[in-house]
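Encoded as structure tokens, the structure appears first; notes follow it.
Readers should treat all values here as calculations from the given coordinates under stated rules, not as data from a laboratory. Please read all numbers here as calculations on a predicted model, not as lab measurements. Because the Cβ atoms are built from the backbone with ideal geometry, glycine has one as well, and the counts that use them run over all protein chains shown.
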Amino acid sequence: MIQSINFPIAPSCIAPFGDWETLRRRLGALGLDGVEGICDPCEIDESFPADLLTGYHLLFYADWLDFYLQREPALMKKFGSWEMVEKVYGSRTPKAFFRQFRDDLDRAIGWNARYVVFHVADVSLEECYTYRFLHSDWEVLETTVEFINQLLDGVAPTFDFLVENQWWPGFTFTDPQKTEYLLSHIRFPRVGIMLDTGHLMNTNPAIRTQSDGVDYILSMLQAHGSLSKSVKGMHFHQSLSGRYVRTHTGTMPEDFPEEYFRGFAMTYPHIERIDRHRPWTDPRCVELLEAVRPEYLTHELSSGEHRSQLAAAKRQLGTLRKGGWL
């Protein structure tokens, strides 16, 4: 099993460690193999050593479907003008939008990524609060399949292509029929699932404890039967946010800004309170690893800054030892 942490490949993120070799030593001391990288095309650290990369998380836009399908009324309602649309997506056309993803995939291939992760979801800022969704799971899945097949057309299968579950419309790993559709319609010989444990917990606001979360995730794995064998990797963390979701969703905040980027800045902390990315402290989490036996395990943990991210990873690794896994 290859173990890593999630880490942006950017000068501002490696700066607290001094350099990549220092980070490599710190990861090695924890028994980790490297990083699952992600890049902002505007801030890539060209000094990054490719052999530190275990896998690669492709760029993503949370709200992309209406832009990709060029639904102008929806875009104008969300962004107000085509000028703002271009600021958000870096282009006005699906062709240029797609090029961003192909360039990012080429970057991952150039760095010899063992696996590539792709988000399968769509959610607007408004929907993050209201939980009244404009697009169905099926609409997101069908459009995503079309997009992925175009992205992977002619690409050599030198890596595993892993779809990641969210709690927004799209792929949630709560409905085996939809999971089967997604996996079976992607035309690539090495397709699989990156199961995000915290995201799966976010689909059930009734979860109150980590142990409840373990039971729920195990029930979803059981419900998927043989499809669970497609889980090749795990983003490992826990998210207990049901109380927050029950009390802070359903309506828009009265003071929500009209300007998109101000609204985005207000929404980001709201999402962090839903999607907690906290380390597991209940040793029962080991049952999830025993059920899946993943090839790739990413300790995808959130913290105020990257040095404390390593402390969070150390804590989670300690939980795995208590559970008898390591």
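Put simply, the amide H of D160, placed in the peptide plane, has neighbours under 5 Å in Y115, V116, leaving out anything fewer than 5 places away on its chain. Which far-off residues, 5 or more places away or on another chain, put their amide H under 5 Å from the one on V231, with H placed in the peptide plane? Excluding prolines and chain starts, which carry no amide H, the hits are I193. Net charge within 9 Å of D160 by Cβ-Cβ distance, Lys/Arg positive one each and Asp/Glu negative one each, not counting D160 itself? Net local charge, D160 excluded: +2.
Note on the chain: helix-only mean residue ellipticity at 222 nm, from DSSP H runs of 4+ residues weighted -39500 (n - 2.57) and normalised by residue number, equals -13500 deg cm²/dmol. Across the chain, the mean sequence separation of Cα contacts (distance under 8 Å, 6 or more residues apart), normalised by length, yields a relative contact order of 17 percent. Among the trypsin sites (Lys or Arg not before Pro) within segment 148-246, those in coil by DSSP and having at most 16 neighbouring Cβ atoms inside 10 Å are R187, R190, R208.
Between the amide H of Q3 and those of D33, L297, distances stay under 5 Å, these residues lying 5 or more places away or on another chain, with hydrogens modeled in the peptide plane.
In terms of its C-alpha gyration tensor, the chain has a rounded overall shape, because the principal axis ratio a/c (a ≥ b ≥ c, square roots of the eigenvalues) stays below 1.5. Using the alpha-carbon centroid of each, what span in Å lies between segment 1-73 and segment 276-326? Result: 18 Å between the Cα centres. Counting only lysines at least 8 places from K322 when in the same chain, those with an alpha carbon closer than 19 Å to its own are K314.
Listed by chain and number, the lysines placed with their C-alpha closer than 18 angstrom to that of K77 are K87; residues fewer than eight positions away on the same chain are left out. With K and R counted +1 and D and E -1, the other residues having a Cβ less than 12 Å from that of S230 yield a net charge of 0. Within a straight-line Cα-Cα reach of under 23 Å, K229 can be paired with the following lysines, leaving aside sequence neighbours fewer than 8 residues apart in one chain: K178. Computed from phi, the 3J(HN,Hα) profile of segment 123-128 under the Karplus parametrisation 6.51, -1.76, 1.60 (θ = phi - 60°) reads 7, 8, 4, 4, 5, 4 Hz, with x in place of Gly and Pro.
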